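Structure, as structure tokens:
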Amino acid sequence: MDGDTSGVEGDNWNTDDELEIDNFSLSSNSSLTLPNGEAVACSGEASSSAGSSNSKLIDHFIGMGFSEKMVAKAIQENGKENTDSILETLLTYSALESSPQGQQHIDSDHCSLECEGSFLDDFSDVDSFSDNEEITNPVSDEDEKLLSLVKMGYTRDEASIAIERCGLDSSLVELTDFITAAQMAKVADVHFPLEDKPRPNLSYKKRKHFDYEMWKRKKQRGLEKRLLHDDDDEIVRLPNPMIGFGVPNEMCQTIHRTLPEAAIGPPFFYYENVALAPKGVWTTISRFLYDVEPEFVDSKYFCAAARKRGYVHNIPIHDRYPLVPLPPSTIFEAFPLTKKWWPSWDPRTKLNCLQTCVGSAKLTERIRKAIEDYDGEPPLHVQKYVLDECRKWNLVWVGRNKVAPLEPDEVEKLLGFPTNHTRGGGISRTDRFKSLGNSFQVDTVAYHLSVLKAMFPNGINLLSLFSGIGGAEVALHRLGIPLKNVVSVEISEVNRNIVRSWWEQTNQRGNLIDLADVQQLNGDRLEELMGSFGGFDLIVGGSPCNNLAGSNRLHRDGLGGKESSLFYDYFRILDLVKCIMNKTQ
């Protein structure tokens, strides 16, 4: 999941993908032809006042980042005098271009990113609408919300999927947040394709102390069962509110769950992935992980940013407690200096899901130009444009008419990591965003793991698969649970260096063993490791979501995809550990 695919070094953040695709500059002696055939002089030598006026008007809107062709069409439709209508039309054109139906290539301002996963697009289980259809006479809440979203400028596909995934009880604000977060992420796959790194061809020898063939038969039975019942698989309905088995300061019914016998430890296990996955994914994950019910939680109940995730685990769910001090719960608490500049028409109190991406300087300049000419509040259509972009890119107000993306240290704060956790050691700004975007939200994970402190007062042996930047390790440390032996498996050298640096700087007294590839972790190696310190108490992992997220239009293959199929390695290793521990007991 991690690693630098952008080719950006150091602070050179403005890359070629920020260049305007449609914004062709006008030459000093060119002319612009409107659709009705009227020629508008763009030369500095144009003699007519009409030509001069048109030239200034065209230059004004081109300076805001719209293409020459788009400006010409908007002027032709609205006339030369009504600049507000022209701007509204241009914003509408831009929105249509960025939609899946109208976008054949990606506008540069939406491409200064490297996100590897989000929520929306190509859900096979959702009926889609033709863009030529009209929605008339809504007769239900769903129809009314669908019509409202379409009137706001979103496509019918986006509106329908948002309602399906978020639930009919969701507010319009929640639905628009869902759509904009998905729009933010879906262009990443174009500019930051998945690395074609070779994977070893696995061939396991017959195990000496346990029957590996038994695991293969179990997996095959599970796959056959999945194929037999695929037509019956329903989408796992996400709870609303998304509070799982409970979150701090939220009233909920007392939950009682009974774990299947096969799921009962040792060891404890804890698996995480994106909540908004394609049809059948969470059913399959649950089936392989001993039929344990997933717990879906949004980190907005723990911090000032959303992060919708599903967790499958066999850890007790009662007597949990949060990390203290409690993290900031709103944008103003997290970044109090923004309050001075925050406009009254921006209602956000929480940020959207933190991704591996930031908005470009060109985008923030475009927003500034769109609102700076108005005294007081800008018109509603300008407000909508600005708010949509702010939600997509998690932009915050840093000055009069000025928005900016979050900095890496601000993202660290929101995700619960120590200050400068990803800074230094030759790690680029690009790598910092990417590593943070793929990490756990520490406060959320710590809340789930907090019950382990009383169980392991003398310390814990941890197997951390797909470790990333060590979210589980940081959570356990902040809970005050000593880390006796940690085997951390992570493909990214950048991330391994971050974890190693944190381990040394926090003066850990235990033993850290870092490995590169889960596919190379076989039974012999596990027996060797477990023989040296007596087995694992907890196995944590969050396998790549690349093929699960809606942003990956080209390789959204679910758990059968190249990256996300690594989930089966999480189960393989967990099952091997359980076998070895049962053998030695």
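The values are calculated or read from the model by the stated rules, or taken from the named source; none is laboratory data. All of these numbers come straight from a predicted model, not from anything done at the bench. Please note: Cβ atoms are built from the backbone with ideal geometry, for glycine as well, and neighbour counts cover all protein chains shown. Areas reflect the complete protein model, heavy atoms only, side chains present, ligands, DNA and RNA absent. Shrake-Rupley method; radii C 1.70, N 1.55, O 1.52, S 1.80 Å.
Hey, can you tell me all the residues within segment 367-381 that are in contact (Cβ under 8 Å) with a residue 60 or more places away in the chain and either open to solvent by 10 Å² or more (accessible area, probe 1.4 Å) or closer than 23 Å to GLU174 by Cβ (or both)?
LYS369, PRO379, HIS381 - these are the residues of segment 367-381 that are in contact (Cβ under 8 Å) with a residue 60 or more places away in the chain and either open to solvent by 10 Å² or more (accessible area, probe 1.4 Å) or closer than 23 Å to GLU174 by Cβ (or both).
Just checking, how many residues over segment 414-437 are buried (at least 21 other Cβ atoms within 10 Å of the Cβ) and under 20 Å from THR330 (Cα atoms)? Of the residues in that region, 6 qualify.
Restricting to segment 438-466, and then to whatever is farther than 23 Å from PRO322 by Cβ and touching a helix residue (DSSP H, G or I) at 6+ places or on another chain (Cβ under 8 Å), can you tell me which residue is surrounded by the most Cβ atoms within 10 Å (Cβ to Cβ)? Looking at the filtered set, the residue picked out is LEU463. Which ones in segment 263-298 are part of a helix (DSSP H, G or I) and touching a helix residue (DSSP H, G or I) at 6+ places or on another chain (Cβ under 9 Å)? Within segment 263-298, VAL281, THR283, THR284, ILE285, ARG287, PHE288 meet the criteria.
Each row is one residue, and each column tells you yes or no for (1) modelled with pLDDT under 95; (2) open to solvent by 10 Å² or more (accessible area, probe 1.4 Å); (3) not acidic (Asp, Glu).
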| position | (1), (2), (3) |
| --- | --- |
| VAL281 | yes, no, yes |
| ILE285 | yes, no, yes |
| PHE302 | no, yes, yes |
| ASP319 | yes, yes, no |
| PRO322 | no, yes, yes |
| ILE331 | no, no, yes |
| ALA334 | no, no, yes |
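Condition check ((1) of a type in the set (Gly, Ala, Ser); (2) closer than 24 Å to ARG478 by Cα) across all residues:
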position	(1), (2)
ILE317	no, yes
PRO325	no, yes
ALA334	yes, yes
THR338	no, no
TRP345	no, no
ARG348	no, no
ASN352	no, no
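Counting only strands (runs of 3 or more DSSP E) that sit completely within segment 381-465, zero hold 3 or more residues that are under 21 Å from the mean Cα position of the chain (by Cα). Filtering segment 484-511 to residues that are outside any helix (DSSP H, G or I) and more than 29 Å from the chain's Cα centre (by Cα) leaves LYS484, ASN485, ASN507, GLN508, ARG509, GLY510, ASN511. Against the list (1) under 27 Å from HIS477 (Cα atoms); (2) open to solvent by 60 Å² or more (accessible area, probe 1.4 Å); (3) within 22 Å of the chain's Cα centre (by Cα), the condition PRO266 fails is (3).
The condition of being farther than 26 Å from GLN441 by Cβ, touching a helix residue (DSSP H, G or I) at 6+ places or on another chain (Cβ under 8 Å) and in contact (Cβ under 8 Å) with a residue 12 or more places away in the chain holds for only one of LYS392, LYS402, that being LYS402.
Of all residues in segment 339-364, those being assigned to a helix (DSSP H, G or I), touching a residue at least 60 places away in the same chain (Cβ under 8 Å) and open to solvent by 10 Å² or more (accessible area, probe 1.4 Å) number 2.
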